[in-house]
Number of protein chains: 2
Amino acid sequence: MENQEKASRIELAASLPVFLCFAVYSTNLAFNRAYKPLLEKLGLTYPQYVALVALNEENDQTVSQLGQKLFLESNTLTPLLKRLEANGYVIRRRDSHDERQVRVSLTPQGRSVFEKVFCGCGTIVDATGLDEQSYVRLQRELIELRDNLLAGSKSSKQDLDRE
Amino acid sequence: MENQEKASRIELAASLPVFLCFAVYSTNLAFNRAYKPLLEKLGLTYPQYVALVALNEENDQTVSQLGQKLFLESNTLTPLLKRLEANGYVIRRRDSHDERQVRVSLTPQGRSVFEKVFCGCGTIVDATGLDEQSYVRLQRELIELRDNLLAGSKSSKQDLDRE
DNA sequence: GGCATATAACTCGTACGCGATTTAATCGTA
DNA sequence: TACGATTAAATCGCGTACGAGTTATATGCC
């Protein structure tokens, strides 16, 4: 009775379909494949598109700000943003008040390509087979799960840093 | 009334937290980070661990069989399996009846490392913050979503092949 | 048997993700 | 002001994903 807290609250069989993490992993692969036909016509990858979404929401963000929203760091974002710049979708320039920071802005072509993909999203949303209620609920549950996981890894990371 | 079917059933604002695909994408990043401390001690990556899970469930599978379970193809799996072999966790050998196929088996070390990670999973399962019921439900919903998405991309791919 | 077709795995090039390190700018404090 | 500490971005190396193409084996049909 007293060691109830010690063991994991959920018993798992050692089989793939039973892992929640594998369900998330494979659903992510599936979403990438669903988006691919829509994106590759425009020379975009899925993470690049996500960056455009974040920039459309708020323009002229620093790399760190973008990173916080996308859960990525500069080692991933810098090359990605350079590719978007090479394709004419964003502009990167040093902040004049703090030259350490780089500010990223959408170009008109960037905004237009974002809108094009956004309008084509309906097909994919429909392919989920979810009604609006399930869609929103699933999304909310995932965000909560993600934030729980990130809170867990962050605290264990701080433990390591402290050593 | 009549064109109700034409438009997507779900209206989205153009904001990141609203995309289900981004919820899945970022939750996948979070799961990877949660598993990392457990896996890197053993020199494993998350996809490598998933391959070990599949092999523990059924040993001596071909690359294609593994690929079907993991939703990956040989261009991804071959290098991954070679790394597992280099670390002594699996053995790869040509099928004597059909030399085109490569059969992959767990070594004793592979089985032992799988068990080690599996036993350490409890912490991560707990970090999800989900009770057993929500865990299982979320997982089932994701699998259904994944399979809907894959069915959608597969049919549109066949359309392309037919052209 | 011989040859076109199909199939399984592999190889290659590109783009993430990320740990580790580097470079450059700013801040804090004496 | 000077100088160590901090911070932001960039760079590097490795391991996935995956489209496209290659190689080797098996199959089907004459």
If one builds a Gaussian network model of chain A from Cα atoms under 10 Å apart, the most fluctuating residue listed among A:PHE31, A:PHE22, A:PHE118 is A:PHE22
The whole-number value in µm²/s of the Stokes-Einstein translational diffusion coefficient for the protein assembly as shown, with Rh from the Kirkwood sum over alpha carbon pairs at 4 °C and 1.567 mPa s, is 59 µm²/s
Shielding of A:47-57 by other chains, given as the mean Cβ count within 10 Å, works out to 3
Inter-copy distances for B:PRO79, label 7 Å out on the Cα-Cβ vector, sorted ascending, nm, one decimal, are 1.1
Checked the stretch A:21-64 against the a/c 1.5 cut and the a/b vs b/c comparison, axes a ≥ b ≥ c from its Cα gyration tensor; verdict oblate
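Find the relative contact order for chain A and round it to a whole percent, using C-alpha pairs within less than 8 Å whose residues are 6+ positions apart.
In percent, rounded to a whole number, it is 17.
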On the formula 1/(1 + (r/R0)^6), with r taken between the Cβ atoms of A:ASP131 and B:GLU99 and R0 of 51 Å, the FRET efficiency rounded to 0.05 is 0.55
Simple spin-label estimate for B:GLU40/A:ASP60, 7 Å along Cα→Cβ, in nm, reads 3.8 nm
Here the Cα Rg-to-2.2 N^0.38 Å ratio for chain A is 1.29
Residues A:ARG83, B:ARG94 in order from fewest to most other beta-carbon atoms within 10 Å are B:ARG94, A:ARG83
Any residue on another chain or 5+ positions along whose placed amide H is under 5 Å from the amide H of A:VAL90 is listed here as A:GLU85, A:THR107
For the pair B:ILE143 and A:GLU85, the simple spin-label estimate (label points 7 Å beyond Cα toward Cβ) gives in nm 4.6 nm
Mean per-residue count of partner chain Cβ within 10 Å for B:120-126 equals 5
Shortest first and in nm, the label-point separations between A:PRO47 and its counterparts in the other identical copies (7 Å out along Cα→Cβ) come to 1.3
Phi-derived 3J(HN,Hα) across the stretch B:77-83 with the Karplus relation (6.51, -1.76, 1.60, θ = phi - 60°), rounded Hz, x for Gly and Pro, is 6, 3, x, 4, 5, 5, 5
At q = 0.13, 0.15, 0.23 1/Å the base-10 log of I(q)/I(0) from the Debye formula over the alpha-carbon atoms of the stretch B:74-163 is -0.84, -0.98, -1.02
Contact order relative to length for the stretch A:43-119, counting C-alpha pairs under 8 Å separated by 6 or more residues, stands in percent at 33 percent
Taking the axis of the rotation relating chain A to chain B, the A residue whose Cβ comes closest, together with that distance in whole Å, is A:ASN28, 2
One decimal, nm, nearest first: from A:THR107 to the same residue in each other copy, label points 7 Å out along Cα→Cβ, the values are 5.2
Cα-Cα longer than 18 Å, checked against A:LYS36/B:LYS154; A:LYS41/A:LYS69; B:LYS69/B:LYS116; B:LYS41/B:LYS116; A:LYS82/B:LYS36, kept in input order, equals A:LYS41/A:LYS69; B:LYS69/B:LYS116; A:LYS82/B:LYS36
Output field shielding_mean for B:62-72 (other chain Cβ, 10 Å radius) holds 2
Assertion target for B:SER96, A:SER74, ordered by fewest C-beta neighbours within 10 angstrom first, is B:SER96, A:SER74
Note, the stretch B:139-155: 3J(HN,Hα) by Karplus (6.51, -1.76, 1.60, θ = phi - 60°), whole Hz, Gly/Pro = x, goes 4, 5, 5, 5, 4, 5, 4, 4, 5, 4, 5, 5, 4, x, 5, 5, 5
Residues meeting the amide H criterion for B:GLN61 (H placed from the backbone, H to H distance under 5 Å, 5 or more places apart or on another chain) are B:VAL104
Counting every C-alpha pair in the stretch A:43-119, the percent lying more than 14 Å apart is 55 percent
Per the 1/(1 + (r/R0)^6) rule, R0 = 25 Å and r from the Cβ atoms of B:SER74 and B:GLN109, FRET efficiency to 0.05 is 0.55
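Here, each number is a calculation from the coordinates, and none is a lab measurement. Here the structure is a predicted model, which is why all the values come from computation and not from measurement. Every residue, glycine as well, gets a Cβ built from its backbone with ideal geometry; the counts of neighbours run over all protein chains shown.
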